[in-house]
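Trainee: Questions regarding the structure given below will be posed in turn.
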Amino acid sequence: MGSIYETWAHAERSLGDLGRARDRLSKAIELYEQTPETLAGVVCKGSPVYVFVERENIESQWAGKAPAANFLWLVNEAGMEELGEEGTWSLYQVGCGRG
């Protein structure tokens with residue numbers, strides 16, 4: 001498996017417009033460094049927020065840990081739309097609540 005940067009480069013190519021994909025990937029948040037509280041302060045700031053993850057890895061390797069808990073919070077509380085995928089990686093745009 002290549003580095004995360006190689007994976008992002010492949011994702012950029014597969015997600016369509018290279019400039020738009022690169023912009024989205026540059027705005028991806030790191031789930032490991034967040035909590036549901038910090039995410040709540042990030043997702044509704046006006047600028048789009050993106051998550052680029054290996055969903056299967058989040059659900060298995062990170063079960064019960066910050067990345068999985070944060071991913072589930074985003075799915076259940078903020079809402080996410082899958083924009084595309086490259087191999088096992090998926091790019092999501094985060095919503096601003098399910099209200």
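The values are calculated or read from the model by the stated rules, or taken from the named source; none is laboratory data. Because the structure is a prediction, the values reported are computed rather than measured. Virtual Cβ from ideal backbone geometry, glycine too; neighbours counted across all protein chains shown.
Trainee: Show me the strands (runs of 3 or more DSSP E) found entirely inside the chain where at least 1 residues are at pLDDT below 80.
Mentor: Those strands (runs of 3 or more DSSP E) span 80-86.
Trainee: Still on this structure, please answer the following. Just the residues that are crowded, with 16+ Cβ neighbours inside 10 Å and under 13 Å from residue 30 (Cα atoms), please, taken from the range 56-93.
Mentor: 58, 67, 68, 69, 70, 71, 74, 91, 92
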